[in-house]
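Read-outs throughout are calculated quantities, based only on the coordinates presented, and are distinct from any laboratory measurement. On a predicted model such as this, the values are computed, not experimentally measured, just so you know. Every residue, glycine among them, receives a Cβ derived from its backbone with ideal geometry; neighbour counts consider all protein chains shown.
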């Protein structure tokens, strides 16, 4: 050992991890309930996933394999820097493959590949309170959760239909967990909501700035709120992925030129690469290879 | 009609430290009856209303409510969940300032529909139909259903607030200066509307007002308060035409005759 200051394994000191683990255990015991915790300053700005990073740091062990995604992609700034961070401070193995990962930290997506028992999905959450934009008082929202007064959540959906003719909320779509707490699934597209229902993997949510942790344990009921005459629907896409030809996946729009050219590709890059490696091809794949 | 009182108020007092909010108030309110509480500013009208509607806990005394199951319940001993449920189903509360009673950033339809959704209505079409029906009853054009109350005039806001409160067919409505801040012609329309609704729905209402004309038009019975105590009560016409207490006589004689 030299005299230079060193980091504890996974950056956070053991007392902090203990505190966060206690919050996580409580969150798992009460699915969907937001547990306050003493969020620490992290070496990255709020909004970059400080909540998710603290949860990951607290549950990470030396043998874990970490995957980090940002909007489904493994190669965007947020994903790359958080992955590099844990490589440096915890020296853990990292991967981009969903199957191989034991812990997946995510921002705004759930991987297309079905998660399995033993895997943990850690969400980065900006605003954990689903009632926030309807009721600004924290004292009141806590009371509403405690007394299960969720009529206001439907007021939001009512407004959507009144203005747009259909439920226009496409992300952060409110869900009811295990028939009790209404929860914000973080800004994932509502396309991913059905994947949360009865998931085999443990799902943990960390909001660093708002200092809240909540969780959905494996095999838990997660139901998206809706009206009887306007049932919950997920987004559907006209065309399959332009690169791998996948249908029933969430697609990103990519602008190709300034003449209106565009393509729709899988937002989950690992899923797309996997399919291409298996020989699936979309209509623009040949195109791309020719250009290369 | 049931002959049992809807609300039994027994010796209610509220002290703010050593100051008196209201003291030793007792009365009974029967279904379908409209009671006006009048008095000058600072006489304890609003404190009393807050104690009755569980917005404040009385320092002493008991307020009992005749629940739909026929039982009398002491409001102060009810759990918070039950009390809040009562407030949004069986009761209504009309604030003087509509901005306190409305959600200003959601549409008129959602404002009316909120209570329905809170009690578990999950059919958009039905909620909207009920909302537009109620807007019509309070004389707001159905084409305004998707406008926010921010775009409404003071009188419309107050009418919307009334619709929002009455949509769950409450049995008891509290009104705190419902016509305060409205000009006289709008006041007249509002009073007309409230009188019609109270009559049609058989509502019991407790109306706090400093305006004796409001009491005369709406209420069957009235209580006059001064310095926190009820100094005179009786049938509205009797109190206004034949006031017995010197203070009531002063109050009645200070109305401007045009």
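When its C-alpha radius of gyration is set against 2.2 N^0.38 Å (N residues), the stretch A:47-172 gives a value of 1.30. The distance between label points at residue A:232 and residue B:220 comes to 4.9 nm (points 7 Å beyond Cα on the Cα→Cβ vector). For chain A, the average shadow cast by the Cα convex hull is 18.5 nm², which is a quarter of the hull's surface.
To the nearest 0.05, how large is the calculated FRET efficiency for residue B:250 and residue B:10 if R₀ is 45 Å and r is the Cβ-Cβ distance?
With R0 = 45 Å, the Cβ-Cβ based efficiency is 0.95.
Look at the stretch B:124-133: the mean tally of other chain Cβ atoms within 10 Å of its residues' Cβ atoms is 3.
Quick one: if the Förster radius is 41 Å, what FRET efficiency do residue B:238 and residue A:163 give, using the C-beta to C-beta distance and rounding to 0.05? Here the calculated transfer efficiency is 0.20.
The residues A:69, A:59, A:127, when put in order of fewest to most other Cβ atoms within 10 Å, stand as A:127, A:59, A:69.
What number, rounded to the nearest 500 deg cm²/dmol, is the helix-based mean residue ellipticity at 222 nm of the protein assembly as shown, given -39500 (n - 2.57) per DSSP H run of at least four residues and division by all its residues?
Working: 18 runs with 182 residues, N = 550.
That comes out to -9500 deg cm²/dmol.
Each part gets one Cα centre, and for the stretch A:1-56 versus the stretch B:182-246 those centres are 61 Å apart.
Taking the mean number of other Cβ atoms within 10 Å as a proxy for protection, how do you rank A:182-189, B:22-29, B:109-116 from highest to lowest?
Values: A:182-189: 23.0, B:22-29: 19.0, B:109-116: 25.0.
So the order, starting with the most tightly packed, is B:109-116, A:182-189, B:22-29.
For the stretch B:95-159, what does the relative contact order come out to in percent, with C-alpha contacts under 8 Å and a separation of six or more? Once divided by the residue count of the stretch B:95-159, the mean separation gives 44 percent. For the pair residue B:60 and residue A:219, label points projected 7 Å from Cα toward Cβ lie 6.0 nm apart. DSSP bridge analysis restricted to the stretch B:131-258 gives an antiparallel fraction near 55%, rounded to the nearest 5.
Would you mind checking the stretch B:5-20 for residues with the amide N under 11 Å from a putative spin-label position 7 Å along Cα→C-beta of residue B:77? No residue qualifies, since no backbone N sits under 11 Å from the label point. Round to the nearest 10 and give me the degree value, 0 to 90, for the angle of helix B:124-137's Cα axis relative to the longest principal axis of chain B. Orientation of helix B:124-137: about 50 degrees from the principal axis. For chain A, averaging the sequence separation of C-alpha pairs within contact (under 8 Å, six or more residues apart) and dividing by the residue count gives a relative contact order of 20 percent. The convex hull drawn around the Cα atoms of the protein assembly as shown, when projected onto a plane and averaged over every direction, covers 34.9 nm². Peptide B:110-122 has a mean shielding of 5, counted as Cβ atoms of other protein chains within 10 Å of each residue's Cβ. The ranking of A:98, A:76 by Cβ neighbour count inside 10 Å, starting from the fewest, reads A:76, A:98. If R0 is 22 Å, the Cβ-Cβ spacing of residue A:91 and residue A:117 corresponds to a FRET efficiency of close to 0.25.
The orientation-averaged shadow of the Cα convex hull for the stretch B:161-240, equal to a quarter of the hull surface, comes to 5.7 nm².
As a footprinting exposure proxy, order A:141, B:3 by other Cβ within 10 Å, with the fewest listed first. Spell out each step's value before the answer.
Working: A:141 19, B:3 6.
Ordered from fewest to most neighbouring Cβ atoms within 10 Å, A:141, B:3 come out as B:3, A:141.
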